[in-house]
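Colleague: Take this structure first; my questions come after.
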Amino acid sequence: MTPQRFRSSSVRDALAQAREALGPSALVLGTRLVPSSGWRGWLGGREVEVSAFAPSGVSENRRSRDAESAHPAHAPATTSRVPVTDSLVARLMATGLDRELAESVVEAIPQGRRRDVSQGQIREALATCLAPIATRGTALGDVNVFIGPPGVGKTTTIAKIAAQARARGERRYRLVAADGYRVGAVEQLRLYADIIGSPFVVARTPDEVTGAVTSSRLPVLVDTPGLSPANEEAGAFFAALSTLPAVHTHLVVPGGTTPRDFDRIWDRFALAGADRVVISKVDEAETVMPLVRALHERDVPVSLIGLGQRVPEDLVEGEAEMIAACLLGQVPVVHA
C-alpha cells in the first residue's frame, strides 16, 4: 500500500491524524520537518510530516468497523487485535528513533507494562539500551584535551566546565589555549578565565603545552585549533599531549552531525587519539539520532552534552538518561 502523509505542528498531532485515518495499527515509516503550507512556509515556518500506512487487512477491518457504526443492527465484525508491541514501536519511531533501537527499547520493557507504558518508563528502557555509550561518571579526568573542527563549540564547552566547577565550589581548572592560529579564540578563552577566576596559559609550542600541563597542580582543560593532526604544526601539539599520562581526549561534534560526516571527522582526527565525544549544540539539531547511531556503531562513549549556548548552565554529563532524553525530545532545563 502507498504510504499516506499527515502534517501538523507536532509529532503527537500528526500521529493522531494517522491513527484516526488508518486505525490504531498504523505503522509509521518516518517523520521529518517540512515547510508549512501557505504563507507560513514563505516566512520560514515548519511543520511535522508523518509517513504511515496500515498493514494488510487493517484498512478492510477499519471499514468494517465504520460500517458497523453506521448500521448498529449488524452483527459485530470479527477483527484481529493489533499487537501492543507493533504500536509501541511505531510510537517510538514517531519520536525519531530508528526501527532497530525502537525495537530494542520495547524488548527492554516488561511485557506486562507495554500497554500503558509511561514516558518515564520509555526513557528508562531507552537509557538501558544506550548504556554502552554512556560515561557513567567518568566524563572528565585530570587532563582534558578538546579537539574538533572550527566552530563546533570547543572553547564554549571548556568555559562551561570551568564555570560549573566554580559555581559548585569545586577545585578550579587551569585553562590552556594550545592555539596559535586563532587570536580571537585565545582572547575568548582568556576572557572566560578572567570572569571565572581560573588560571590561564597560552601555549604556542609543543614544549609550552607540555609544560603548562605538567606544572599544574590543578586539573587542566586544553583548547586546541580546529586543525587535524595531518597538519604538521597541529600534529606536533597532539603528539606532545599524547605522551602525557591520564589524558582524556574529547572530540567535539554538533548534535546534528550525520553518520557520514561523523566518520569523516573521526578519521580526520584519528591521530589525536580521541577516546570520547562531546555532543554540542543539541538545541540546533533536528534530531541527534543519526549521530547516536554512529557512536553506538563505533562504541564511542559520550562524555558531555551541550544543550545550548548559556554558560555555565547548558552542559550535562553524558549519562544514559540524558542521551535518552535528548533522543526523545525531552531535553532538561539545567540550572547553574
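Colleague: Kindly indicate which of Ala127, Ala139 is assigned to a helix (DSSP H, G or I) and not polar (S, T, N, Q).
Modeller: Numbers: Ala139 fails: assigned to a helix (DSSP H, G or I).
Every option except Ala127 fails the conditions.
Colleague: Separate question: Scanning for something at pLDDT below 90, among the polar types (S, T, N, Q) and under 26 Å from the mean Cα position of the chain (by Cα), does the stretch 224-241 turn up at least one residue?
Modeller: Within the stretch 224-241, one or more residues are at pLDDT below 90, among the polar types (S, T, N, Q) and under 26 Å from the mean Cα position of the chain (by Cα).
Colleague: Can I ask one more? Within the stretch 296-309, how many residues turn out to be part of a loop (DSSP other than H, G, I, E, B) and touching a strand residue (DSSP E or B) at 6+ places or on another chain (Cβ under 6 Å)?
Modeller: 2
Colleague: In the stretch 267-297, how many are touching a helix residue (DSSP H, G or I) at 6+ places or on another chain (Cβ under 7 Å) and closer than 22 Å to Ala230 by Cα?
Modeller: Count: 5.
Colleague: Could you please give the count of residues in the stretch 142-168 that are under 21 Å from Thr214 (Cβ atoms), β-branched (Val, Ile, Thr) and in a helix (DSSP H, G or I)?
Modeller: 2
Colleague: Would you confirm whether any residue within the stretch 281-295 is of a type in the set (D, E, K, R), closer than 14 Å to Gly148 by Cβ and not in a helix (DSSP H, G or I)?
Modeller: So far as the stretch 281-295 goes, yes, one or more of its residues are of a type in the set (D, E, K, R), closer than 14 Å to Gly148 by Cβ and not in a helix (DSSP H, G or I).
Colleague: Say we look at the stretch 208-236 and pick out the residues that are more than 10 Å from Ile147 (Cβ to Cβ) and among the hydrophobic types (A, V, I, L, M, F, W, C); which of these is most open to solvent (accessible area, probe 1.4 Å)?
Modeller: Selected residue: Ala230.
Colleague: Given Ala139, Ala167, which one is on the phi < 0 side of the Ramachandran plot, open to solvent by less than 20 Å² (accessible area, probe 1.4 Å) and small (Gly, Ala, Ser)?
Modeller: So the residue among Ala139, Ala167 that is on the phi < 0 side of the Ramachandran plot, open to solvent by less than 20 Å² (accessible area, probe 1.4 Å) and small (Gly, Ala, Ser) is Ala139.
The values are calculated or read from the model by the stated rules, or taken from the named source; none is laboratory data. Worth saying up front: this structure is predicted, and the values here are computed from it rather than measured. A quick note on method: Cβ atoms are made from the backbone with ideal geometry, for glycine too, and the neighbour counts reach across all protein chains shown. With ligands, DNA and RNA removed, areas are computed over all heavy atoms of the protein, side chains included. Shrake-Rupley method; radii C 1.70, N 1.55, O 1.52, S 1.80 Å.
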